[in-house]
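Novice: To start, I am sharing the structure in question, which I have written as structure tokens.
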Amino acid sequence: MARIVVIDDSKLIRSLLQHILEQAGYEVEVWEEVTAAEIPDRIQAGNPDLILTDYQMPGSNGLTLARMARKTRPGLPVIVVTASHDPAVMDALHRVEVAYILHKPIHAEELLQVVRKALPPVAG
């Protein structure tokens, strides 16, 4: 099953996302605090199939993390979770080609549907 990295500054949200994804059979790795500069090494070491990140976090944001992830491994799907509906934020996220943008509050079925769509097909 796919390996998903969850990045969020909220312990509650990290736990919720991890629980939903693991219950669906995904392997989940949580990165509690990560800077954009650390992304390349972490991606190389962890080899995730998808990154799910919050947009606004202290010391970093989902836009910067998505940009670094896409630069490190083009084609790596990144899903950004946000409470923002600001058109400038949405435009910036689309420009870095995030796979999907999920708006808070997060619903389990919507999350799983978006994750399934974002993941590359499994060769069988």
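Novice: For Glu29, enumerate residues with amide H under 5 Å from its amide H, sequence gap 5+ or separate chain, H modeled in the peptide plane.
Specialist: Ile4, Val5, Val6
Novice: Then there is this: Arg3 to Met90: FRET efficiency via 1/(1 + (r/R0)^6), r the Cβ-Cβ distance, R0 25 Å, to the nearest 0.05?
Specialist: 0.35
Novice: Just want to confirm a number: the relative contact order over the range 3-118, from Cα pairs under 8 angstrom separated by 6+ residues, in percent.
Specialist: 23 percent
Novice: Grab the other residues whose beta carbon is less than 10 angstrom from that of Asp49, score K and R as +1, D and E as -1, and report the net.
Specialist: After counting each charged neighbour, the total is 0.
Novice: What whole-number distance in Å separates the alpha-carbon centres of the range 29-70 and the range 73-124?
Specialist: 14 Å
Novice: Counting Lys +1, Arg +1, Asp -1, Glu -1, what net charge surrounds Glu27 among other residues with beta carbon under 14 Å of its beta carbon?
Specialist: Once positives and negatives cancel, what remains is -2.
Novice: Can you put Thr72, Thr53 in order, fewest other beta carbons within 10 Å first?
Specialist: Going from sparsest to densest Cβ surroundings: Thr72, Thr53.
Novice: Further question on the same structure: 222 nm [θ] for the chain, helices only, -39500 (n - 2.57) per DSSP H run of 4+, per residue, to 500?
Specialist: One gets -12500 deg cm²/dmol as the mean residue ellipticity at 222 nm.
We did not get these values from a lab; they are worked out from the coordinates using the rules stated. It should be emphasised that the depicted structure is a prediction, and the values quoted were computed from it without experimental measurement. We place every Cβ from the backbone using ideal geometry, glycine too, and count neighbours over all the protein chains shown.
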